[in-house]
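Visitor: Quick one: the structure is below, and I'll ask about it shortly.
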Amino acid sequence: MSHYDMIVVGAGPAGLSAAVQAASHGLRVAVFDENARPGGQLFKQIHKFFGSKEHMAKTRGFNIGTALLQEARDTGVTVVLDAVAVGLYPNREVVVRAGGAVRHYKADAVVVAAGASENTVAFEGWTLPGVMGAGAAQTMMNINRVRPGKRVLMLGSGNVGLVVGFQLLQAGCELVAVADAAPRIGGYGVHAAKLARCGVPFYLSHTILRAEGTGRVTGVVISELDAQWRPKSGSEKHFDADTICLAVGLSPMNQLLRMAGCAVRENGDVLCYPFGETSVSGIYAAGDAAGIEEASSAMIGGRLAAIGAAHRLGYLDAQTLAAEQARLEGMLQSLRQGMFAPQNRGKAAQSTDEGCPLSSSLLGQGYLRDDEIANYPGCKQAKGVHPVIECTQNIPCNPCQDVCPKGCIRVGANIVALPVVDKTATCTGCGLCVAACPGQAVFLVDEDAEPGFALVTLPYEFLPIPKAGDKGTALGRGGQPVCPAEVVRCKSASAYDRTSLLTIRVPKEMGMRARFWKGGAA
């Protein structure tokens, strides 16, 4: 029976982070993962992360995955793929099936970072080909380079549904609608706004009645829900669609922890103490296996588990442990603030921490109305080129502040504060803030660029990339055509990390309204 100081189950963000951290303290570490490729969800995540510099904000998930894999190689971590952990016992014995054989391993510490599974809902026709989890669709697109379908309906308006919905558009699919049984959009407003300005409609307080088709999905019918969550008769809406994506939540993959006898809470989550240690000594939970959060939080959780185990096994002294714990928990706490913090789930905030009213249109339709823009400190008009930051919720993110070379944008020490444009600073129009924003919520506007015309620079992540002189239509925040628009330039640079800066010319009065560009006539 092979022995390691630490065995990690799962080579995703939490598992790799735990392995790298433990190995850096001298532990001999092995990671087992059932997939053919390590990295877990990271290589599916082509979007940029939120948070701050210490959380690797404005970095795309697959780049974070690549960096973690390199760290694992550099620190001597053993990564075994196509290896399914089928057993975990209280004496920290792990049973792994790989290569047609079953082997037993022993460790002084075990970290279970097995991730989460997608939830589903049952409706008439839900077993038809074409009904899939949003995560499965993301795997098809971003790992296998296969479009899940041509016309897709998304059920679920949390961050998973919104992010995958935008990636469906990037892959060339048509997203016919986003439906959700809840009365408010559940994910970040900036994610919803990306879809809305592309013309995607939202249907809240709606659910799927049935999928249509024989042998495969050919259509879907949704219905509005009443106050008792029952379908309203006569409210049915039909969509031609060949794919239905379900983004209705995740459940921790904690079966191994249960097998080992780890205590669970009333809600079914495994009970975790400091450093993610379970009720069984030497067995830790990290990432989504310990509780559903974002990947940034999972990576920190993995590192916390690693330092806890390293101290327990004598590789880390108490003073160093305390310092590392304070640093990592500080990073984690900064992500657990604002209206989307775990302690605020299910609460319906009415205003931001600064007292700005939350937009009912954003929560219900996915976009800010033109008459609401002035309510927020980042959305003020000014002379000359200036940033307009349509980030109107307290979410943990501050790359716009960090990248601005002139200090035009202020968030402050609290990363969930709304961005503020400093009118005393001079914007040079470099566009770094536009490219860095993970929510694609920053625009550059110059109403004084030319007589009678304004220039609007917006983030653009679609192919083909427009060329100077291309004629098209400017779309408003809700996806409605607002005016003709001509492409002035489209800049791509390594500093922009695959986000192009598309500058369009529009009538001066449309400078604060034009937020997307579509080629061709309206």
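Visitor: Identify the residues of the range 228-248 with backbone N under 20 Å of a label point that sits 7 angstrom from the Cα of Thr127 along the Cα-to-Cβ direction, or state none.
Guide: Residues 243-246 qualify, since their backbone N sits under 20 Å from the label point.
Visitor: Specify the longest stretch of the chain that does not include any exposed loop site, a site being one of the GluC sites (Glu not before Pro) with a non-H, G, I, E, B DSSP assignment and at most 15 other Cβ atoms within 10 Å.
Guide: 1-235
Visitor: Rounded, prolate or oblate: which fits the range 184-244, taking a ≥ b ≥ c as square roots of the Cα gyration tensor eigenvalues, rounded meaning a/c under 1.5, else prolate when a/b beats b/c?
Guide: Oblate, because a/c is 1.5 or more while a/b does not exceed b/c.
Visitor: Report, to the nearest whole %, how much of the accessible area of the range 1-41 belongs to carbon and sulfur atoms, 1.4 Å probe, protein only.
Guide: Within the range 1-41, the accessible surface is 42 percent carbon and sulfur.
Visitor: For the range 396-467, take the convex hull of the Cα atoms, compute a quarter of its surface area, and give me that in nm², please.
Guide: For the range 396-467, averaging the hull's shadow over all directions gives 5.9 nm².
Visitor: Next question. Pairs Lys58/Lys194; Lys194/Lys518; Lys48/Lys406; Lys380/Lys423; Lys467/Lys491; Lys406/Lys508: which exceed 19 Å Cα-Cα?
Guide: Long pairs (Cα-Cα over 19 Å): Lys48/Lys406; Lys406/Lys508.
Visitor: What distance in nm separates the simple spin-label points at Glu354 and Arg28, each placed 7 Å from Cα in the Cβ direction?
Guide: 5.5
Visitor: Any idea which of Ser52, Gly65, Asn35 is furthest toward the positive side of the dipole for the range 28-70, if Lys and Arg beta-carbons carry +1 and Asp and Glu beta-carbons -1?
Guide: Checking the options against the dipole of the range 28-70, the answer is Ser52.
Visitor: If you take the beta carbon distance between Leu271 and Arg345 as r and set R0 to 30 Å, what does 1/(1 + (r/R0)^6) give as a FRET efficiency, to the nearest 0.05?
Guide: The calculated FRET efficiency here is 0.95.
Visitor: Another question, then. Considering all alpha-carbon pairs of the range 171-302, what whole percent are spaced by more than 17 angstrom?
Guide: Of the Cα pairs, 70 percent sit more than 17 Å apart.
Visitor: Evaluate Rg over Rh across the range 284-335, taking Cα atoms for both radii and Kirkwood's formula for Rh.
Guide: Answer for the range 284-335: 0.99.
Visitor: Rounded, prolate or oblate: pick one for the range 47-140, where a ≥ b ≥ c are the square roots of the eigenvalues of its C-alpha gyration tensor, a/c under 1.5 means rounded, and failing that, prolate if a/b is larger than b/c, else oblate.
Guide: Since a/c reaches 1.5 but b/c is at least a/b, the shape of the range 47-140 is classed as oblate.
Visitor: Calculate what fraction, in whole %, of the accessible area of the range 158-250 sits on carbon and sulfur atoms when a 1.4 Å probe is rolled over the protein chains.
Guide: 48
Visitor: Which value, in nm² and rounded to one decimal, describes the direction-averaged projected area of the C-alpha convex hull of the range 375-500?
Guide: Approximately 8.2 nm², given one-decimal rounding.
Visitor: So what's the Cα pair-distance distribution over the range 1-107, bin width 5 Å, in %?
Guide: Percent of pairs per bin, in order: 2, 13, 21, 22, 18, 13, 6, 4, 1.
Visitor: Counting only Cα atoms, I'd like the Rg/Rh figure for the range 455-500, Kirkwood definition for Rh.
Guide: Here Rg/Rh amounts to 0.97.
Visitor: Over every pair of different alpha-carbon atoms in the range 135-249, take the mean of 1/r and invert it; report that Kirkwood radius in Å.
Guide: With all distinct Cα pairs of the range 135-249 included, I get 14.1 Å.
Visitor: Taking a ≥ b ≥ c as the square roots of the Cα gyration tensor eigenvalues, with a/c under 1.5 meaning rounded and otherwise prolate when a/b beats b/c, else oblate, which class fits the range 310-431?
Guide: Oblate, since a/c reaches 1.5 and b/c is not below a/b.
Visitor: Now, a different point. I need the Debye-formula profile for the chain: one equal scatterer per C-alpha, no solvent, reported as log10 I(q)/I(0) at q = 0.11, 0.13 1/Å, two decimals.
Guide: -1.00, -1.29
Visitor: Could you bin all the Cα-Cα distances of the range 77-128 into 5 Å bins starting at 0 and give me the percent of pairs in each, rounded to whole numbers?
Guide: Spelled out bin by bin, the range 77-128 gives 4, 14, 20, 20, 11, 7, 9, 8, 5, 1 percent.
Visitor: Set the Förster distance to 41 Å, then compute FRET efficiency between Asn91 and Asn119 from the Cβ-Cβ distance, nearest 0.05.
Guide: Using R0 = 41 Å, I get an efficiency of 0.80.
Visitor: Where only protein heavy atoms count, and the probe is 1.4 Å, what is the accessible area per residue for the chain in Å²?
Guide: 41
Visitor: Using C-alpha positions alone, give me the convex hull volume of the range 142-182 per residue in cubic angstrom.
Guide: 60
Visitor: Could you size up the charge dipole of the range 1-78 around its Cα centre, putting +1 on the beta carbon of Lys and Arg and -1 on that of Asp and Glu, and report it in debye to the nearest 20?
Guide: Approximately 380 debye in magnitude.
Visitor: Measuring from label point to label point, each 7 Å out along Cα→Cβ, what is the Asn144 to Asp82 span in nm?
Guide: Placing both labels 7 Å beyond Cα along the Cβ direction yields 1.8 nm.
Visitor: Between Asn375 and Ala468, what FRET efficiency follows from the Cβ-Cβ distance if R0 is 35 Å, with the result rounded to 0.05?
Guide: Between Asn375 and Ala468 the formula returns 0.50.
Visitor: A further question on this structure: For the range 188-231 and the range 402-435, what is the separation of their Cα centres, given in Å?
Guide: Centre-to-centre (Cα) distance: 36 Å.
Visitor: Keeping the other protein chains in place, figure out the carbon and sulfur percent of the accessible area of the range 277-408, with a 1.4 Å probe.
Guide: Using a 1.4 Å probe with all protein chains present, the range 277-408 comes out at 48 percent carbon and sulfur.
Visitor: Take every DSSP beta bridge whose two residues both sit in the chain, then give the antiparallel share in percent to the nearest 5.
Guide: Around 65 percent antiparallel, to the nearest 5.
The values are calculated or read from the model by the stated rules, or taken from the named source; none is laboratory data. These numbers come from a predicted model, not from an experiment. So basically every Cβ, Gly included, is an ideal-geometry build from the backbone, and we count neighbours across all protein chains shown. Only protein heavy atoms, including side chains, enter the accessible area calculation; ligands, DNA and RNA are left aside. Shrake-Rupley method; radii C 1.70, N 1.55, O 1.52, S 1.80 Å.
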